[in-house]
Ligand code: G3I
């Protein structure tokens, strides 16, 4: 006993500082550490490597390229998240006012989900790629059209999109920190918060992101302006969940090592962060590795999306900014990113461990090794089965079987705690208390063995934290 087995490159970094307190509080002063088991083999694709820390590695997909087998072969093999490059934008989805067209968007969406990938939605309110009818609107008519557009698109994809870029590129470049002048901006400064409030009501399950470029360098005025807006939104309760950093790095807008500070500072406001459209002029391996490590260093960094598969698929092919050559071969930047995701050549990837009830001495167990969403957890005699192996990810999830999460089915006392496909929601995030409690981020309630039961089959639920032995757990 005493082996702290919930390990992983990022998890370990995150937990290291907590370890002494956890060991004293949970295991008692006499607990001893045993040597960690041998490292797992490194993962061999970007998506699988990112998943070790609960993150995704995605790409933009262009529907017109889905008939190219080299393209789909790489995309399917390497990535576990997809953003439609153009197909969910305003001009594509509402070409005539009130007439929605999801043909191309659905082509990308269906390809993604049929191949087991999550989807980022891009984008609902933007000054660019507006259809002609919208470009000609202004004032309250345009404001209403924006609201109708958000409702129409989000209704179609309700419950299906992990993150939506609700508003895109609303700040001006340069040193002013001002909003970008656009027809949407001229409808009133509150257009962004109206977009977010509309989006929350339309699909409460989606994370709602603000997305922009030239906001990666912490010292830039545009970054500071975006930071002030997000801080204000959080203070006033405007529903924003995440900030997307496009990360189109080039000679005019180079990567700076303070990007990590930027990500950390936004995360500290209480939002998730994501790298949403990464490409780097010339694809230097060291810069790609640095960006990857910046995301891995920030627990609230959800994942990385590159803006295309091969150089020739890029919106800037002359920059050769991506991870694959046109013949489909891997570039040095690919290897650098993969190594970074695998925690460097010497760092072992995540390990899993059991979660044992202090009062019962029995383990958190998925009944019958079920993989069915909605299966409620129970206590069972500890054994080495995969249905008792839990990995605590950098995102705060407790994963079993790699892709199922410990999931609270509600927020009230008695809410069932079950397994469910991981999707990034706060009902799938948990805080490991120094007193051995496991607290739901959404509910603030404790993981609890029902009625203080200790027998095999005792169901697991949420309940107000009471410091009982049925709410304290050791990880072995
Ligand atoms: O599909 C038409 C084709 O029928 C026509 O013949 C051709 C002629 O120019 O145009 C084609 O449409 C182009 C479309 O990409 C699809 O390839 C548009 O002209 C072109 O403007 C459009 O560019 C896209 C650009 O957004 C538009 O702003 C890029 O593919 C896309 O990568 C780029 O993505 C943006 C993100 O959404 C937001 N952040 C910046 C990023 C890069 O600009």
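Rounded to whole Å and sorted largest first, list the principal axis extents of the Cα atoms in the range 94-181.
In descending order, the Cα extents are 43, 32, 19 Å.
What are the extents of the Cα atoms of the range 35-115 along their three principal axes, listed from largest to smallest and rounded to whole Å?
64, 26, 16
Based on a Kirkwood Rh over C-alpha pairs, give the Stokes-Einstein translational diffusion coefficient of the range 218-294 at 37 °C and viscosity 0.692 mPa s in µm²/s.
Answer from the Stokes-Einstein relation: 249 µm²/s.
Nearest 10 degrees, 0 to 90: what angle lies between the long axis of helix 69-78 and the longest principal axis of the chain (Cα atoms)?
40 degrees
Which order do the peptides 229-235, 43-49, 297-303 come out in when sorted by mean C-beta neighbours inside 10 angstrom, highest first?
297-303, 43-49, 229-235
Given contacts defined as C-alpha pairs under 8 Å and at least six residues apart, what's the relative contact order of the chain, whole-number percent?
Rounded, it is 15 percent for the chain.
Using only the Cα atoms, what convex hull volume per residue in Å³ does the range 325-476 have?
133 Å³
Could you work out, for the range 152-242, what percent of all Cα-Cα pairs fall into each 10 Å distance bin, beginning at 0 Å and stopping at the bin that holds the largest distance?
The calculated distribution, bin by bin, is 16, 47, 31, 6.
FRET efficiency for residue 403 and residue 138, Cβ-Cβ distance as r, R0 = 60 Å, nearest 0.05?
FRET efficiency, residue 403 to residue 138: 0.80.
Give me the one-decimal Kirkwood hydrodynamic radius in Å for the range 162-213, with the sum taken over alpha-carbon pairs.
Result for the range 162-213 stands at 11.9 Å.
Nearest 10 degrees is fine. How inclined is helix 103-114 to the longest principal axis of the chain, computing both from alpha carbons?
20 degrees
Which semi-axis lengths, in whole Å and largest first, follow from the square roots of five times the eigenvalues of the Cα gyration tensor of the chain?
So the three semi-axes of the chain are 39, 25, 21 Å.
Can you compute the helix-only [θ] at 222 nm over the chain? Use -39500 (n - 2.57) per DSSP H run of at least 4 residues, normalise by all residues, nearest 500 deg cm²/dmol.
Value at 222 nm, helices only: -7500 deg cm²/dmol.
What percent do you get for the relative contact order of the range 129-215 when only Cα pairs under 8 Å and 6+ apart count? Don't skip to the end; give the middle numbers.
Working: 98 pairs, mean separation 36.0, N = 87.
The normalised contact order for the range 129-215 reaches 41 percent.
If you take the alpha carbon radius of gyration of the range 241-336 and divide it by 2.2 N^0.38 Å, what ratio comes out, to two decimals? If you can, show how the numbers build up before the last one.
Working: Rg = 13.2 Å, N = 96, 2.2 N^0.38 = 12.5 Å.
Relative to the 2.2 N^0.38 Å estimate, the range 241-336 comes out at 1.06.
What is the extension gain from residue 99 to residue 286, computed as 0.36 nm multiplied by their sequence separation minus the C-alpha to C-alpha distance, in nm to one decimal?
Going from the current span to full extension adds 62.7 nm.
With the alpha-carbon atoms as the only input, what is the per residue convex hull volume for the range 160-306 in Å³?
Per residue, the Cα convex hull of the range 160-306 comes to 110 Å³.
Expressed in nm to one decimal, what extension gain is obtained for the pair residue 376 and residue 67 from 0.36 nm per residue of sequence separation less their Cα-Cα distance? Write out the running numbers ahead of the final one.
Details: separation 309, 0.36 × 309 = 111.24 nm, distance 4.17 nm.
Once the chain is fully extended between residue 376 and residue 67, it gains 107.1 nm.
Laboratory data are not the source of any read-out in this text; all were calculated from the coordinates shown. Here the structure is a predicted model, which means the values were calculated and not measured. Virtual Cβ from ideal backbone geometry, glycine too; neighbours counted across all protein chains shown.
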